[in-house]
1. Run the numbers on segment 128-271 and let me know its relative contact order in percent, using alpha-carbon pairs under 8 Å that are six or more apart.
2. What is the extension gain from GLN108 to VAL401, computed as 0.36 nm multiplied by their sequence separation minus the C-alpha to C-alpha distance, in nm to one decimal?
3. Please compute the per residue accessible area over segment 199-289 with all protein chains in place, 1.4 Å probe, rounded to a whole number of Å².
4. How about segment 57-152: which GluC sites (Glu not before Pro) there lie in a loop by DSSP and see at most 11 other Cβ atoms within 10 Å?
5. Want the number for ALA131 to GLN227: 0.36 nm per residue separation, take away the alpha-carbon distance, what's left?
6. So, in nm, how far is label GLN72 from label ARG358 when the simple model puts each one 7 Å beyond its Cα toward the Cβ?
7. When only C-alpha pairs under 8 Å and at least 6 residues apart count, what is the relative contact order of segment 52-191, in percent?
8. Looking at the square roots a ≥ b ≥ c of the eigenvalues of the Cα gyration tensor of segment 50-195, which shape do they give, rounded for a/c under 1.5, prolate if a/b is larger than b/c, or oblate?
Amino acid sequence: MGCCLGLGKTRCSQTGGPLDQQNVNESCELLRAGCCYLSRRLNQLSSHDPLWKRHCKKYWLISDEEKSRRNQSWKAIFISTYSDLGRYIQYYATLKKAWDDLEKYLGQRCPRMIGSLKESVQEEDLDAVEAQIGCKLPDDYRCSFRIHNGQKLVVPGLMGSMALSNHYRSEDLLDIDTAAGGFQQRLGLKQCLPLTFCIHTGLSQYMALESVEGRNKYEIFYQCPDQMARNPSAIDMFITGTSYLEWFTSYVNKVVTGGYPIIRDQIFRYVHDKECVATTGDITVSVSTSFLPELSSVHPPHYFFTYRIRIEMSKDALPEKACQLDSRYWRITNAKGDVEEVQGPGVVGEFPIISPGRVYEYTSCTTFSTTSGYMEGYYTFHCLYYKEKFFNVTIPRFHMVCPTFKVSTARMETNNNKYAVDEDEDSTDTDEYEDRRRVMDIPAPSGRCPHHT
């Protein structure tokens, strides 16, 4: 206020005529007094520890317990943390929370997986990798590795699993040195850094470190070789993320909210639509689905999906409601509206008995020549107590959609010939390749799925 009064008085004198020396001195004294007061007040505020507490909690997620262990003031903690992690201040809290949530959730369900996580790396380690590969790493990626340096190459992998009768995938989150060793400079994957790796299939998710070959900078994708192009660098891409932050936090959110089921200490990347449930009498059928990029291709169009079905009888059902599944009926529709109907005995070679409170689960797979499609149908059961009584149980309609993909620029640039795309392959229920046991009993088989293109 002193500053304002002094300046106001000066301006007033200027409009009224020449200033005398006394007025100038008074204005300067008021100005100096105001500035000194403001300086003292700002210094007091900057030393007020409760104000730093809010910033420590907001940006660094420092708890009261951690402060007590460190035996420092909130201001000292903020300053020391900022000096180390300040470049990541816009990412750190989000990524640290994601890692904390993941560790807490998996620590109770998959302790072996949490035990495979590696300790954080330092700034000089990340700088050395940048020098090694000749590209800058995005700050959100660097920030995540300042919290955890990926994991060891173990099974199961942190980034999700998938299993069929003769196909198994489990993706590890690569540590920084292993990722740098897999950095790509070849045509088709130029300047791409692997984020994940499956030791069974060799599958990886890559992050583009530069905007080349039709990719956006920091875009994350599964590679999908173009099997119809003559150019080996023609690699199509199934997009899984637009940035590391979005890719990692969205995955963690699906895990910790139960969006991905935990089965035998592994994260299975099945997506369940809560509306994809149908109840017929005392029996409820629900379905979850997953897209398998490693068994799919854009050229030729071959999109591979697996689905997991849960059949459950209410625990309140009467004992005489026990029944056995005899057959299945599927109505399969692709994105063009083409319909195929399939009927067959049992499911995955079994004829499960359902009784009150019992659950039966199995997995199967199907392929489409279009990027999406849906299935629906029913099971036919017969009663165990009244063996001549048959009834149908509805299977709810469930949709399958492949992720966004990009066509290789090498195909567009070098392929001047028009290839005929074979889309005569109908969508089909591949029950003969379904898992021969319930999902809960799946081992970790190796090998490739018979529908691999």
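The values are calculated or read from the model by the stated rules, or taken from the named source; none is laboratory data. As the structure is a computational prediction, the values presented were derived from the model and not from experiment. Positions of Cβ are generated from backbone atoms using ideal geometry, with glycine treated the same way; all protein chains shown enter the neighbour counts. The area values use the complete protein model at the heavy-atom level, side chains included, leaving out ligands, DNA and RNA. Shrake-Rupley method; radii C 1.70, N 1.55, O 1.52, S 1.80 Å.
1. Numbers: 254 pairs, mean separation 25.6, N = 144.
18 percent.
2. Numbers: separation 293, 0.36 × 293 = 105.48 nm, distance 3.23 nm.
Length gained between GLN108 and VAL401: 102.3 nm.
3. Details: 3720 Å² over 91 residues.
That works out to 41 Å² for each residue.
4. Details: sites: GLU65, GLU66, GLU103, GLU119, GLU123, GLU124, GLU130; in loops: GLU119.
Passing both the DSSP loop test and the Cβ count: GLU119.
5. On the way: separation 96, 0.36 × 96 = 34.56 nm, distance 3.48 nm.
Once the chain is fully extended between ALA131 and GLN227, it gains 31.1 nm.
6. 6.1
7. Numbers: 142 pairs, mean separation 25.9, N = 140.
Contact order relative to length: 19 percent.
8. Details: a/c = 2.83, a/b = 1.43, b/c = 1.97.
It is oblate, given that a/c is not under 1.5 and a/b is not larger than b/c.
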